[in-house]
Amino acid sequence: MSRIKVWLALLVIVIGLWGYLEARSRSGSTALGQPAPEIVVRTPDGTDRKLSEFKGKVVLVDFWATWCGPCKMSMPEIHRVYEKYREQGFEVFGVALEQDRGETLRAFVQEDNIPYVTGIPHTKESVESYGALSIPYMVLVDRQGKIRWVHPGYSPEFGRKLEEEVARLLRETG
């Protein structure tokens, strides 16, 4: 009887590991040093913007939503760092994961005077390619278009960490 239990336990482990690896292979890659996958958003004014437009700049790709409390908590720090470093080549590319077709985003962007590109992604696959399973989820891309820093969730240290990473990447040449 105990031998059957061991085999069943091993079977459960193997099936679980297979499921984990399968999900991971489909969830995209935000591996450090890898090229940032292309993503296209439609801004509240109806313009399509691509992440690749910002190659040559340091870009924070911010996956967020208007209904997400932690996302809203991170916004003042994102705005602060953006205002401090935008003249040196820092941009923010907001990817709003809204539950409507952008009406809420339009009002939010106007009300909060969001100064950087933000919009609704064209495809779910482009979001999945980053492995953004929860929000907020931030990915910092260097001037060559490679992923250099990933920050899932919100923490009180977020603003300080973001500023340190942006400043470090802006100092790099190439």
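The condition of being over 12 Å from Val61 (Cα atoms), modelled with pLDDT of 95 or more, surrounded by 19 or more Cβ atoms within 10 Å (Cβ to Cβ) and among the hydrophobic types (A, V, I, L, M, F, W, C) holds for only one of Leu105, Leu169, Leu140, that being Leu169. Residues of region 1-31 that are surrounded by 10 or more Cβ atoms within 10 Å (Cβ to Cβ), modelled with pLDDT of 65 or more and of a type in the set (A, V, I, L, M): Ala31 alone. Residue count for region 68-94, restricted to those that are loosely packed, with under 14 Cβ neighbours inside 10 Å and touching a helix residue (DSSP H, G or I) at 6+ places or on another chain (Cβ under 9 Å): 4.
Can you name the number of the only condition in (1) over 21 Å from Lys161 (Cβ atoms); (2) touching a His at 6+ places or on another chain (Cβ under 9 Å); (3) surrounded by 14 or more Cβ atoms within 10 Å (Cβ to Cβ); (4) modelled with pLDDT of 95 or more that Asp48 fails? Among (1) over 21 Å from Lys161 (Cβ atoms); (2) touching a His at 6+ places or on another chain (Cβ under 9 Å); (3) surrounded by 14 or more Cβ atoms within 10 Å (Cβ to Cβ); (4) modelled with pLDDT of 95 or more, Asp48 violates only (3).
Scanning region 89-120 for residues that are among the small types (Gly, Ala, Ser) and in contact with a strand residue (DSSP E or B) (Cβ under 9 Å, 6 or more places away or on another chain) yields Gly89, Gly94, Ala96, Gly102, Gly119. Looking only at region 55-93, residues that are among the aromatic types (Phe, Trp, Tyr), under 25 Å from Pro35 (Cβ atoms) and without any contact (Cβ under 8 Å) to a residue 40 or more places away in the chain come to 1 in all. Checking each residue in region 151-174 for being over 17 Å from Glu91 (Cβ atoms) and touching a Leu at 6+ places or on another chain (Cβ under 9 Å) picks out only Pro152. Under the condition of being under 14 Å from the mean Cα position of the chain (by Cα), more than 15 Å from Ile39 (Cα to Cα) and among the hydroxyl-bearing types (Ser, Thr, Tyr), the residues counted in region 128-174 number 2.
The values are calculated or read from the model by the stated rules, or taken from the named source; none is laboratory data. Fair warning: this is a prediction, and the values are worked out from it, not measured in the lab. Here Cβ is always computed from backbone atoms with ideal geometry, including for glycine, and neighbour counts include all displayed protein chains.
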